[in-house]
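Q: What follows is a single structure, and I will ask about it in a moment.
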């Protein structure tokens, strides 16, 4: 069995760990790291009898995850402090939200940027407050900056000058250029307030967001991790009201596909209508599992198709052509001058 | 191969670097399970044959690392292994330090590249000291013991003439980013004893090329130097802090300037005698 299949099988059914030989463990670990699932795997396998070296490597992944959690919570705390004058809770998204809310989806999860959601009218003020509190714009050119402000669902990323951590301030969960237009106001209205000026999306919105992020806004790289988020959210708190919520946000097809995929890969408990993959689903699955035993990406053609698709679903074709033309000319100018 | 507590799997688009590593690491065990994978990849398909150029990849990698010519493949692999440990290892507190031991008590010699710690460790290894490593001291956060990580020593430029007779060496690599480099395998006895930790007894911050000078270090100064010398102090969280404060509290620390290798060795041994 390929290492990536073994990884998925282990996440689904940890008891299979006893049957894996040491050389294959090396591959499984390389793939798990490439998919940022090593911490999740380590938590899933905790307490099982495994070869000594593997136990050590998994312990390491747990240390990393604990540190990621601590750092993410501290960063959320700092962001909330900086944004206190807004008098609006800072709605955490993705990994930071999972650990702040104490969800199973956060166990062992790697967490990169601090992603937050705020009402769009507050964004200008939020940006000013963050800059006053030590966050800085990354070096970007005027086109990128304008593009972000006009078309993206978030501010250009800000990095804290001392801590080096990035904050992404969103006002909705998909780019404005994408066809589905989620109801940002509903996301904000139904958010669940935590302590410390923080909040998280309600349970169904968390799943909708994870599905949108996985299937309507990206290249599917790292998809196994995003899909695991969905699996863990559903296994912990079910999926009551999910269908209606997905329809409300115009994201039914992304959520449906995510449900079919997460059932097929991780055995998530879903009703029968999501228990069969379509032909297209199978291509997605193939793309998500395209890694060899060294953790390298495989199937270049499929990746290229996925890359093109990721752009097509993010914006209409004429706009995409203009965007890529500008990007290409800039890349050419940069290589010419460099 | 396994070095101390860490197993590496090295893959390469070419045969030559693997053969060179196989010879250099002849005395190390070949475990079935490897903690980290390192890959030596052609920067593009045609650069596998035409002016072959090696990019270091692996479980952990840096986005802006510059590629090396194939002739320096061993160096690329060594860099890759260092990178995996520096970025991935969390079981031990890592300090940039060379470590030698007498019996079960160890000297940690910590310094920036060029401070002479590799050369000192290699010279001491010829004088009855056990070589535990010249790159990372691995401190167990639970016990405070230093675990051996006896990788081959990489000697550079003027120190190349100091390679002792009878030591196994890799190919001479000329024109690398660090100048001329040659890897020297530690004595087989040091490799055979690489599962035996030692208790840190002395901490030295050496500086090569200065008039002989010795000064004690205030605890606060030692602490600051150790945090700078560690690649994973922050990432280990509280365990890292505890390991570092214990080391600082229990082990005397000195700053040692020395003009040449002979004087350095003599000063280290005099410090040891005076403990």
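Q: Restricting the first residue to the range A:109-123 and requiring it to be free of Cβ contacts under 8 Å to residues at least 24 places away in the same chain, which pairs with a second residue that is surrounded by fewer than 24 Cβ atoms within 10 Å (Cβ to Cβ) meet a Cβ separation below 9 Å and a spacing of at least six or different chains?
A: Close Cβ pairs (under 9 Å, with a partner that is surrounded by fewer than 24 Cβ atoms within 10 Å (Cβ to Cβ)) amount to A:121/A:171.
Q: Still on this model: Would you point out which residue out of B:104, B:64 is closer than 25 Å to residue A:30 by Cα and either modelled with pLDDT under 95 or assigned by TED's automatic domain parsing to the domain that holds residue B:137 (or both)?
A: Sole residue among the options that is closer than 25 Å to residue A:30 by Cα and either modelled with pLDDT under 95 or assigned by TED's automatic domain parsing to the domain that holds residue B:137 (or both): B:64.
Q: Let me ask something else. Could we say that residue B:236 is surrounded by 13 or more Cβ atoms within 10 Å (Cβ to Cβ) and within 14 Å of chain A (Cβ to nearest Cβ) here?
A: yes
Q: While we're here: Would you please name the residue that is nearest to the other protein chains (Cβ to nearest Cβ), looking only at residues in the range A:21-80 that are within 23 Å of residue A:293 (Cβ to Cβ), touching a helix residue (DSSP H, G or I) at 6+ places or on another chain (Cβ under 9 Å) and not in a helix (DSSP H, G or I)?
A: Among residues in the range A:21-80 that are within 23 Å of residue A:293 (Cβ to Cβ), touching a helix residue (DSSP H, G or I) at 6+ places or on another chain (Cβ under 9 Å) and not in a helix (DSSP H, G or I), the one nearest to the other protein chains (Cβ to nearest Cβ) is A:51.
Q: How many of the residues making up the range B:10-43 are more than 11 Å from chain A (Cβ to nearest Cβ), under 24 Å from residue B:194 (Cα atoms) and not in a loop (DSSP other than H, G, I, E, B)?
A: 7
Q: Of A:16, A:12, A:5, which residue is more than 14 Å from chain B (Cβ to nearest Cβ) and under 19 Å from residue A:299 (Cα atoms)?
A: A:5
Q: Need pairs with beta-carbon distance below 6 Å; first residue more than 15 Å from residue A:289 (Cβ to Cβ) and within the range A:300-311, second not in a helix (DSSP H, G or I); sequence gap 6+ or separate chains.
A: Qualifying pairs under 6 Å: A:307/A:219; A:310/A:218; A:310/A:219.
Q: Of the conditions (1) in contact (Cβ under 8 Å) with a residue 60 or more places away in the chain; (2) surrounded by 15 or more Cβ atoms within 10 Å (Cβ to Cβ); (3) within 14 Å of chain A (Cβ to nearest Cβ), residue B:190 satisfies every one except a single condition; which number is it?
A: So the condition that residue B:190 fails would be (3).
Q: Just for the range B:91-106: of the residues that are surrounded by fewer than 24 Cβ atoms within 10 Å (Cβ to Cβ) and in contact with a helix residue (DSSP H, G or I) (Cβ under 8 Å, 6 or more places away or on another chain), which one is farthest from residue A:36 (Cα to Cα)?
A: By that ranking, first place goes to B:102.
Q: Assess whether residue B:56 counts as being crowded, with 22+ Cβ neighbours inside 10 Å, part of a strand (DSSP E or B), assigned by TED's automatic domain parsing to the domain that holds residue B:22 and free of Cβ contacts under 8 Å to residues at least 60 places away in the same chain.
A: yes
For (1) modelled with pLDDT of 95 or more; (2) out of contact with any helix residue (DSSP H, G or I) (no Cβ under 7 Å at 6 or more places or on another chain); (3) in a strand (DSSP E or B); (4) within 23 Å of residue B:90 (Cβ to Cβ), each residue gets a yes or a no:
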{"position": "B:191", "(1), (2), (3), (4)": "yes, yes, no, no"}
{"position": "B:194", "(1), (2), (3), (4)": "yes, yes, no, yes"}
{"position": "B:202", "(1), (2), (3), (4)": "yes, no, yes, no"}
{"position": "B:223", "(1), (2), (3), (4)": "yes, no, no, yes"}
{"position": "B:239", "(1), (2), (3), (4)": "no, yes, no, yes"}
{"position": "B:254", "(1), (2), (3), (4)": "yes, no, yes, no"}
{"position": "B:257", "(1), (2), (3), (4)": "yes, yes, yes, no"}
{"position": "B:270", "(1), (2), (3), (4)": "yes, yes, no, no"}
{"position": "B:273", "(1), (2), (3), (4)": "yes, yes, no, no"}
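Q: Follow-up question, since we're still on this one. Can you report the number of residues in the range B:68-79 which are buried (at least 17 other Cβ atoms within 10 Å of the Cβ) and outside any helix (DSSP H, G or I)?
A: Qualifying residue count, the range B:68-79: 1.
Q: Are any residues in the range A:81-106 in contact (Cβ under 8 Å) with a residue 24 or more places away in the chain, more than 27 Å from residue A:214 (Cβ to Cβ) and part of a loop (DSSP other than H, G, I, E, B), and if so, which ones?
A: Passing the criteria: A:83, A:88.
Q: Would you confirm whether any residue within the range B:80-98 is more than 14 Å from every other protein chain (Cβ to nearest Cβ) and either modelled with pLDDT under 95 or part of a helix (DSSP H, G or I) (or both)?
A: Yes, some residue in the range B:80-98 is more than 14 Å from every other protein chain (Cβ to nearest Cβ) and either modelled with pLDDT under 95 or part of a helix (DSSP H, G or I) (or both).
Q: Mind counting the residues in the range A:111-145 that are farther than 20 Å from residue A:191 by Cβ and in a loop (DSSP other than H, G, I, E, B)?
A: 7
Q: Against the conditions (1) touching a strand residue (DSSP E or B) at 6+ places or on another chain (Cβ under 9 Å); (2) on the phi < 0 side of the Ramachandran plot; (3) at pLDDT below 95, where does residue B:206 fall short? Just the number, please.
A: (3)
Q: Shifting gears a bit: Please go through the range B:54-67 and pick out each residue that is more than 14 Å from chain A (Cβ to nearest Cβ) and closer than 15 Å to residue B:18 by Cα.
A: B:54
Q: Conditions: (1) away from every other protein chain (no Cβ under 14 Å); (2) under 30 Å from residue B:84 (Cα atoms); (3) under 19 Å from the mean Cα position of the chain (by Cα). Residue A:313 meets all but one. Number of the miss?
A: Result: residue A:313 passes all but (2).
The values are calculated or read from the model by the stated rules, or taken from the named source; none is laboratory data. If you're wondering where the values come from, they're calculated on a predicted model, not measured in any experiment. Glycine also receives a Cβ, built like all others from the backbone with ideal geometry; neighbour counts cover every protein chain displayed.
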